[in-house]
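Just so it is clear, none of the values below were taken in a lab; they were calculated from the coordinates. Because the structure is a prediction, the values reported are computed rather than measured. Here the Cβ is made from the backbone with ideal geometry for all residues, glycine too, and neighbour counts use every protein chain on show.
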Amino acid sequence: MTRCRFCGAAIEWRITKAGKRMPVEGPVVTIGVPTKLIRELTKRTIVTHDGDTLTGHDLDDLTRLIDAPAFVVANGKRPHWATCTGAQKAREGRKKR
């Protein structure tokens, strides 16, 4: 484990599938990632009689989900840049290179 040179927080380094190094922090978190089927559903925006604007999926598309998994469970750590108080300073340094 190392420390962030911009804020001093304890971080770990992970290698992404693209081969890039990414700083991560904190405990392991479990999330639900929408499957490709969910991401491809048609989104519709409507305005209700009460004036609310809502976005959702066509019910016709949702019937395809009856026997299909909607989410895949994944475990990992959150990217450090999401909470780093020195993130802006780090970005500015990268632009100068």
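Compute the angle between helix 87-96 and the longest alpha-carbon principal axis of the chain, please, reported from 0 to 90 degrees and rounded to the nearest 10. For 87-96 against the chain, the angle is about 70 degrees.
Would you please state the base-10 log of I(q)/I(0) at q = 0.17, 0.25 1/Å for the chain, with intensities from the Debye formula using one equal scatterer on every alpha carbon? Log10 of I(q)/I(0), two decimals: -0.88, -1.28.
Evaluating 6.51 cos²θ - 1.76 cosθ + 1.60 at θ = phi - 60° for every residue in the range 67-72, the Karplus couplings come out as 10, 9, x, 8, 9, 10 Hz, glycine and proline recorded as x. Karplus-based coupling profile of the range 31-38, in residue order and whole Hz: 10, x, 9, x, 6, 4, 4, 5, with θ = phi - 60° in 6.51 cos²θ - 1.76 cosθ + 1.60 and x standing for Gly or Pro.
Scoring 15-22, 78-85, 31-38 by mean Cβ neighbours within 10 Å over their residues and listing the highest first yields 78-85, 31-38, 15-22. Between Asp50 and Ala9, the distance separating the two model label sites (each 7 Å from Cα on the Cα→Cβ line) works out to 3.8 nm.
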